[in-house]
Amino acid sequence: MKVAVERAENYQIENVDRAINNAVDFIGGWEKYIKKGDKVLIKPNLLTAALPQKAVTTHPEVVRSVIKAVKKLGAKPFVADSPGVSNVKKTAEKTGILQVCQEEKTPFIFWEKSKIYPCREGKFVKHFELADTISDFDKIISVAKMKTHVFMGVTGAVKNLFGCIVGTNKARFHLRMQKHADFAHVMVDLYYTVKPTLNIIDGISGMEGQGPMSGDIVNPKLVIVSEDGFAADLVMADKMGFNAENMPIAAAAIEEQRSVHLKDIEVVGSGKDIKFAFKRPHTYESMQDTYVPKFILKLGQNQLTSKPVINKNCVGCRRCEHHCPPKAINIKAQRAVIDYHKCIRCYCCQELCEHQAVDLKDGWILALLKKLGIYKV
C-alpha cells in the first residue's frame, strides 16, 4: 500500500497543481483512477461557512486543482457537500468553493435530499441515509482537510465522508453512537458504503488543538494522497505526531481487518520524512470506552469526562441549541445553558461554535487520573 506525501509551500495554484499531480503520479497516475467520460464527484470538507484562511475547510485552490485534473482526462467533475449546520449555499460561497466551481464551469450540487443506500459490507450499520445523488457518479474523490478533532482525535479522508449525510441527519449518529469506538466503527462502514476512488488531504494549512473548528492554524505545507482512505489517515496522523493506530477510526478499521498497519504502508514523495508535533485536542477519548464499571460511570459521569463549558464569547446565536443531538442546550438571557444530565459528551457544540464560546473542562477525578498518569490522551 502506497501513500504519497508531497510538499507545497502555499496555495498558489502552480504549487498546488505540482504537489497533487506529483503525489497522484507516485501511486499510479490519474489515468489509473479516472477514465474519459466518468462522472466524478469531488467531496471537500465544508464543515461550516468559514473563510479559507481559517483552515476549517478544504482550501478552494485544492478543489480547483482536482477539478482541472479531472477535466484534463475528459471526465466530468461535480462538487458537493452537506455541512452540519450552515446553509449549503452560504457555506459554499464563504469558503470560496462556489466561486471556484463557477470559474471552472463545474456544477456545485446542493445536497438537500436523502435516500437509503445498503451497506452490504457493514458490520455496525446495514444501511445509510445519504445524499440522493451520490449513486449518480462513477467515481468519488474525497478531498479532506488535515485537522485534529475533539471526538475522533483526527479528521481526514474517512471522516470527511460524514458530509455525505445530509444536514442535521448527522446528529442522529452522535445520539445513537455515544461511545467513541462505536462511532468510529460506523465511519468504517460509511467508508465502505461510499467507496471513494481516491483520497486527497489538504495539509498545506491545517488545524491543531481544539479541531475541527476551534483549534489553532498550522502550516504543515503537505498534500497527502492515497487510493485507500485509512492508509492516508494513518500517515496523516503519524505526520501530526500522534500514535496513528490509536486514533479511533484507525483502531476500528484495524480491529475489523479492513486497514493495513502503519508499518505496512510505503510512504513516498518529497514530504515522506517530515513530522510535526500537533497540539492534541483536549479530549478524544471517553471514560465510557475504558474498563471503568458502568455503575461508577453513572455515579460520577460529570467528574470522569471532559464537559463542555460556555465561556464569555457566547452571543446566544442558538446554533448549538438547534444542533445538540440530545437537546441538552437552551438559550437563556442571550447565553447558552447546558443541561449536563442530558449531555452525552459528543462535543458537537464545541465543534460547531463559530464564536469559540465552548471550552472543554475535565472533571476533577479525570484531571487527577491524568495528573497521576493513570489516564492518558
Angle between the chain longest axis and helix 60-72 axis [Cα atoms, degrees, rounded to 10]: 30
Distance from region 303-349 to region 149-170 (C-alpha centre basis), Å: 20
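Per 0.36 nm of contour for each residue apart, how much would the distance between Asn219 and Ile274 grow if the chain were fully extended, relative to their Cα-Cα spacing? Write down the numbers at each step before the final one.
Values: separation 55, 0.36 × 55 = 19.80 nm, distance 1.25 nm.
So the extension gain works out to 18.6 nm.
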Per residue accessible area of the chain, 1.4 Å probe, in Å²: 42
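Might you report the magnitude of the Cβ-based charge dipole of the chain about its Cα centre, with Lys and Arg at +1 and Asp and Glu at -1, to the nearest 20 debye?
Roughly 960 debye, rounded to the nearest 20.
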Cβ crowding within 10 Å averaged over residues, with 249-257, 135-143 ranked highest first: 249-257, 135-143
Alpha-carbon centroid distance for the pair region 121-145 / region 36-84, whole angstrom: 16
Top positive-direction residue, dipole computed over the chain with Cβ charges, set Cys353, Gly28, Ala184: Cys353
C-alpha long axis of helix 229-239 to longest principal axis of the chain, angle in °: 70
Partnerless Cys - the chain, beta-carbon criterion under 4.7 Å: Cys101, Cys119, Cys164, Cys314, Cys317, Cys324, Cys343, Cys346, Cys348, Cys353
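State the extension gain, in nm to one decimal, for the chain segment bounded by Glu121 and Asp25, taking 0.36 nm per residue of separation less the distance between their alpha-carbons. If you can, show how the numbers build up before the last one.
Numbers: separation 96, 0.36 × 96 = 34.56 nm, distance 3.01 nm.
The Glu121-Asp25 span can extend by a further 31.5 nm.
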Pairwise label distance in nanometres, Tyr340 with Gln12, each label 7 Å out on the Cα-Cβ vector: 5.2
Amide proton proximity set for Asn219, modelled H, under 5 Å, gap of 5+: Gly206
Pairs beyond 19 Å (Cα-Cα), from Lys76/Lys115; Lys123/Lys159; Lys43/Lys94; Lys32/Lys147; Lys239/Lys361; Lys221/Lys263: Lys76/Lys115; Lys32/Lys147; Lys239/Lys361; Lys221/Lys263
Nearest-ten-degree value, helix 180-194 long axis tilted from longest Cα axis of the chain: 20
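Kindly rank 14-24, 147-157, 258-268 from highest to lowest mean number of other beta carbons found within 10 Å of each residue.
Working: 14-24: 20.9, 147-157: 27.8, 258-268: 16.1.
Ranking, from highest mean packing down: 147-157, 14-24, 258-268.
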Near-label residues of region 40-57 by backbone N, under 17 Å of a point 7 Å along Cα→Cβ of Thr133: 40-46
Lys71-Phe110 FRET efficiency (beta carbon distance; Förster radius 22 Å; 0.05 resolution): 0.55
Residue with peak Gaussian network fluctuation, the chain [Cα springs, cutoff 10 Å], from Gln53, Gln350, Gln210: Gln53
For Val56, residues with placed amide H under 5 Å, excluding near neighbours: none
Over the chain: Rg over Rh, Cα atoms, Kirkwood Rh: 0.95
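The values are calculated or read from the model by the stated rules, or taken from the named source; none is laboratory data. Computed from a predicted structure; not experimentally measured. Positions of Cβ are backbone-derived with ideal geometry, glycine not excepted, and every protein chain shown enters the neighbour counts. Accessible surface areas use protein heavy atoms only, side chains included; no ligands, DNA or RNA. Shrake-Rupley method; radii C 1.70, N 1.55, O 1.52, S 1.80 Å.
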